[in-house]
Amino acid sequence: MEGFVDHYIVLGLPSGEEALKLTDKEIAKAYKLKALDLHPDKRPDDPHAHDKFQRLKTSYEVLKDEKARKLFDDLLRIQREKQHKKSQVDSKRRKMMSDLEQRERSAFSPHPAARAYDEEERIARKLKEEIERIRARHAKKKSGFETPESGVDEKRKEDRSGTGASVQLDKDRMLKVSWEKIGEGYTAGRLRQVFSEFGEVEDVVIRSTKKKCSALIVMATKDGAVAATRTLCGDLSNPLLVVPLQKAAQNDFLTAKKSAEAEPRSDIVGAGLQAYEDAVMQRLRKAAMDQKNRGVKPNDQE
């Protein structure tokens with residue numbers, strides 16, 4: 001209400017329902033105390049002192065008059081009731097809004113059965129991915145050094161399984177390569193690069209142990225396999241021991257150095273073959289160091 005003044009508050013008295021219990025003496029006493037404090041003579045530096053004192057006198061005149069005080073008390077009662085009703089309406093409105101929001105959330109939230117179905121789909125999808133990963137891992141394990149046909153196209157595999165002659169031909173194109181496990185060693189790419197000087201390389205399969213490394217080289221032609229055995233291959237610091245997988249005619253294989261590359265013996269097997277290869281490897285390394293000291297490259301040998 002515009003211009004509303006609570007006369008009880010002006011006199012420094014409690015308002016509301018407590019004001020109904022105040023006596024005329026208590027109102028007069030409160031007026032005297034306030035008048036002493038707000039009298040213009042006590043506030044010479046306050047330009048609004050006179051207006052404040054007049055407002056105090058007006059509030060006192062209203063409250064000391066029985067009829068005027070009753071009307072003012074009724075006005076305060078109506079205001080209190082109006083404020084109470086407004087509070088109730090606001091409380092109901094807040095509850096209605098809260099209930100509406102709750103219903104909206106319930107309406108748009110997925111059904112428990114739907115949530116369970118989505119969770120089942122998610123788990124089933126992840127399980128399928130794990131199964132595919134396990135199968136791929138086992139497939140990699142199976143594609144090790146077991147068969148020389150890995151990496152060769154299906155048509156050549158069929159040719160190998162057709163007749164004994166074709167199998168014999170494939171073995172004539174295969175080389176067993178050994179080297180010591182020192183330094184950087186050899187990768188499949190490095191081996192392919194080394195043997196590509198003698199012809200097309202179809203496949204390279206590497207097998208590694210704690211002390212030695214070996215690989216199976218599949219050349220595209222028999223001539224390429226024969227040519228690869230005529231030269232000291234690889235780095236001088238770690239030369240490659242190259243022997244044919246299938247023993248060929250003795251006149252097809254010329255050694256790079258007779259003391260370094262001797263014809264492999266077919267009657268050596270098991271641990272004896274391992275010792276034989278180690279001895280040949282030592283001679284190869286010695287021959288490589290001799291060539292290095294003389295400044296001769298491995299590919300320069302005939």
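The values are calculated or read from the model by the stated rules, or taken from the named source; none is laboratory data. Bear in mind that the values here come from a model prediction, so they are computed numbers and not experimental data. Neighbour counts are summed over all protein chains in view; Cβ atoms, including those assigned to glycine, are modelled from backbone coordinates with ideal geometry. With ligands, DNA and RNA removed, areas are computed over all heavy atoms of the protein, side chains included. Shrake-Rupley method; radii C 1.70, N 1.55, O 1.52, S 1.80 Å.
Are any residues in the stretch 200-215 buried (at least 16 other Cβ atoms within 10 Å of the Cβ) and not polar (S, T, N, Q), and if so, which ones? Reasoning before the result, please.
Kept after step one, since they are buried (at least 16 other Cβ atoms within 10 Å of the Cβ), are these residues of the stretch 200-215: 201-206, 212-215.
201, 202, 203, 204, 205, 206, 212, 213, 215 - these are the residues of the stretch 200-215 that are buried (at least 16 other Cβ atoms within 10 Å of the Cβ) and not polar (S, T, N, Q).
For the stretch 158-177, state whether one or more residues are open to solvent by 60 Å² or more (accessible area, probe 1.4 Å), under 36 Å from the mean Cα position of the chain (by Cα) and at pLDDT below 85.
So far as the stretch 158-177 goes, no, none of its residues is open to solvent by 60 Å² or more (accessible area, probe 1.4 Å), under 36 Å from the mean Cα position of the chain (by Cα) and at pLDDT below 85.
What residue, of 63, 76, is assigned by the TED database to the domain that holds residue 27, touching a Gly at 6+ places or on another chain (Cβ under 8 Å) and in a helix (DSSP H, G or I)? Steps first, answer last, please.
Values: 63 fails: touching a Gly at 6+ places or on another chain (Cβ under 8 Å).
It is 76.
Which pairs have Cβ atoms under 6 Å, sit 6 or more apart or on different chains, and link a residue in the stretch 46-62 that is free of Cβ contacts under 8 Å to residues at least 12 places away in the same chain to one that is part of a helix (DSSP H, G or I)?
As it stands, the answer is 49/40; 50/40, since those pairs meet every condition given.
Being of a type outside the set (Phe, Trp, Tyr), open to solvent by 90 Å² or more (accessible area, probe 1.4 Å) and within 21 Å of residue 13 (Cα to Cα) is true for just one of 86, 34, 70. Which residue is that?
Values: 86 fails: within 21 Å of residue 13 (Cα to Cα); 34 fails: open to solvent by 90 Å² or more (accessible area, probe 1.4 Å).
Criteria check complete, one pass: 70.
Please name all residue pairs, on different chains or six or more residues apart, with Cβ atoms under 8 Å, provided the first residue is in the stretch 216-235 and is open to solvent by 10 Å² or more (accessible area, probe 1.4 Å) and the second residue is part of a helix (DSSP H, G or I) and modelled with pLDDT of 85 or more.
227/198; 231/198; 234/194
Between residues in the stretch 193-213 that are of a type in the set (Ser, Thr, Tyr) and residues that are open to solvent by 40 Å² or more (accessible area, probe 1.4 Å), which pairs lie under 9 Å by C-beta distance while being six or more apart or on different chains?
Correct list of pairs: 208/181; 209/181.
Sort through 91, 106 and tell me the only one that's out of contact with any helix residue (DSSP H, G or I) (no Cβ under 7 Å at 6 or more places or on another chain), of a type in the set (S, T, N, Q), part of a helix (DSSP H, G or I) and surrounded by fewer than 10 Cβ atoms within 10 Å (Cβ to Cβ).
On the way: 91 fails: surrounded by fewer than 10 Cβ atoms within 10 Å (Cβ to Cβ).
Residue meeting the stated conditions: 106.
If residue 197 passes every condition in (1) within 22 Å of residue 282 (Cα to Cα); (2) open to solvent by 40 Å² or more (accessible area, probe 1.4 Å); (3) touching a helix residue (DSSP H, G or I) at 6+ places or on another chain (Cβ under 9 Å) but one, which one does it miss?
Of everything listed in (1) within 22 Å of residue 282 (Cα to Cα); (2) open to solvent by 40 Å² or more (accessible area, probe 1.4 Å); (3) touching a helix residue (DSSP H, G or I) at 6+ places or on another chain (Cβ under 9 Å), residue 197 misses just condition (1).
As an exercise: evaluate residue 48 against (1) within 30 Å of residue 20 (Cβ to Cβ); (2) assigned by the TED database to the domain that holds residue 23; (3) loosely packed, with under 13 Cβ neighbours inside 10 Å and give the number of the one condition it does not meet.
It is condition (1) that residue 48 fails.
Looking at the stretch 73-83 only, could you name the residues that are open to solvent by 90 Å² or more (accessible area, probe 1.4 Å) and either in contact with an Asp or Glu (Cβ under 9 Å, 6 or more places away or on another chain) or over 28 Å from residue 6 (Cβ atoms) (or both)?
Across the stretch 73-83, the qualifying residue is only 77.
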